[in-house]
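> Quick one: the structure is below, and I'll ask about it shortly.
The values are calculated or read from the model by the stated rules, or taken from the named source; none is laboratory data. Because the structure is a prediction, the values reported are computed rather than measured. Every residue, glycine among them, receives a Cβ derived from its backbone with ideal geometry; neighbour counts consider all protein chains shown. Keep in mind that these areas ignore ligands, DNA and RNA; they rest on the heavy atoms of the full protein, side chains included. Shrake-Rupley method; radii C 1.70, N 1.55, O 1.52, S 1.80 Å.
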Amino acid sequence: LSDFRCDHWEVDLPINLDAIGATRTATNIITPRWALAYSSSLGLFDATYLDDSRPADMIVPPTFCVCLEWTISDIEARSSLLGLEPHERRKGVHALQDSRFHRPLRLGMRVRTTSKLEHMRRTNAGTYYLTRFEHVDDETGERLITSFSGGILRGIDLAKPSIGELPSDFVEPPDPGNIDVRLPELGLERTLPHIYSECARIWNPIHTERAVALAAGLEDIIVHGTITWALAAREICRSVNVASLGELRRLTVRFRAPIVAG
């Protein structure tokens, strides 16, 4: 071994088990600039989403909650919590988003968002983790939205089969069985992840920078899961003649496979 030389060495270490139960909190104001940009990136062109001259009537899509969630769950914050090394940071992909909408978001609202890492388990693909997010009106204390967000850290091991309990109010989405609702095929432009990253303020370079995506083991840049989640909501509402996304009470999706932009 005296002649052995290694110029670059990377080892994927197990995730920090002490992260279970950890909480983080952030408070954000829903500004016109942020809400209008988000709605525009999703092709919500109706005046009800874009007329901030009538703030009481303007609809902030409930799916905007993911923008607030990202302020405390971005890749740098998550890496620090889980004890990940720099080369491991890009291996996370969104696997599930389940949001229950209790009260509407409003322009100018000050929202306090708290996250709690509830559960992790070992899978064939890597470590699955489930985080709860609670959004409340910072002025009144009223509950606005409860979200459960699941992700997979691809190729990263957990030191035990599982840790933490699934929350009692979290129920895995049911098998749709024979229900078959077909929505029109959507073309997602190559530039959509770039536009959405800046408008939603949800930036992870695996969605916009091909070199980073390839280094992370992906075939190309992939579309954010939260884009397809919100566009599905838009198309579902249109298909059943619901006036706006403001009518949504719950939106749950499993992300089965990555979508390459374009």
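> Can you tell me which residue is nearest to SER162 (Cα to Cα) among those in the range 111-132 that are open to solvent by less than 40 Å² (accessible area, probe 1.4 Å) and of a type in the set (Val, Ile, Thr)?
THR127
> May I pose another question? State yes or no: is ILE195 open to solvent by 20 Å² or more (accessible area, probe 1.4 Å), part of a strand (DSSP E or B) and hydrophobic (A, V, I, L, M, F, W, C)?
On the way: open to solvent by 20 Å² or more (accessible area, probe 1.4 Å): yes; part of a strand (DSSP E or B): no; hydrophobic (A, V, I, L, M, F, W, C): yes.
Spelling it out, it is not the case that ILE195 is open to solvent by 20 Å² or more (accessible area, probe 1.4 Å), part of a strand (DSSP E or B) and hydrophobic (A, V, I, L, M, F, W, C).
> Examine the range 35-54 for a residue that is in a strand (DSSP E or B), modelled with pLDDT under 95 and open to solvent by 60 Å² or more (accessible area, probe 1.4 Å), and state whether such a residue exists.
Restricting attention to the range 35-54, the residues satisfying the condition of being in a strand (DSSP E or B) are none.
The answer is no, given that none of the residues of the range 35-54 is in a strand (DSSP E or B), modelled with pLDDT under 95 and open to solvent by 60 Å² or more (accessible area, probe 1.4 Å).
> For ASP157, work out the one condition from (1) touching an Asp or Glu at 6+ places or on another chain (Cβ under 6 Å); (2) not in a strand (DSSP E or B) it doesn't fulfil.
So ASP157 meets the others, but not (1).
> Of these, ILE152, ILE145, ILE156, which one is buried (at least 19 other Cβ atoms within 10 Å of the Cβ), closer than 12 Å to VAL66 by Cα and not polar (S, T, N, Q)?
Going through ILE152, ILE145, ILE156 in turn, the sole match is ILE145.
> Note down all Cβ pairs under 8 Å where the first residue falls in the range 192-210 and is without any contact (Cβ under 8 Å) to a residue 24 or more places away in the chain, the second is in a helix (DSSP H, G or I) and among the small types (Gly, Ala, Ser), and they're at least six residues apart or on different chains.
Within 8 Å, the pairs are THR208/SER197.
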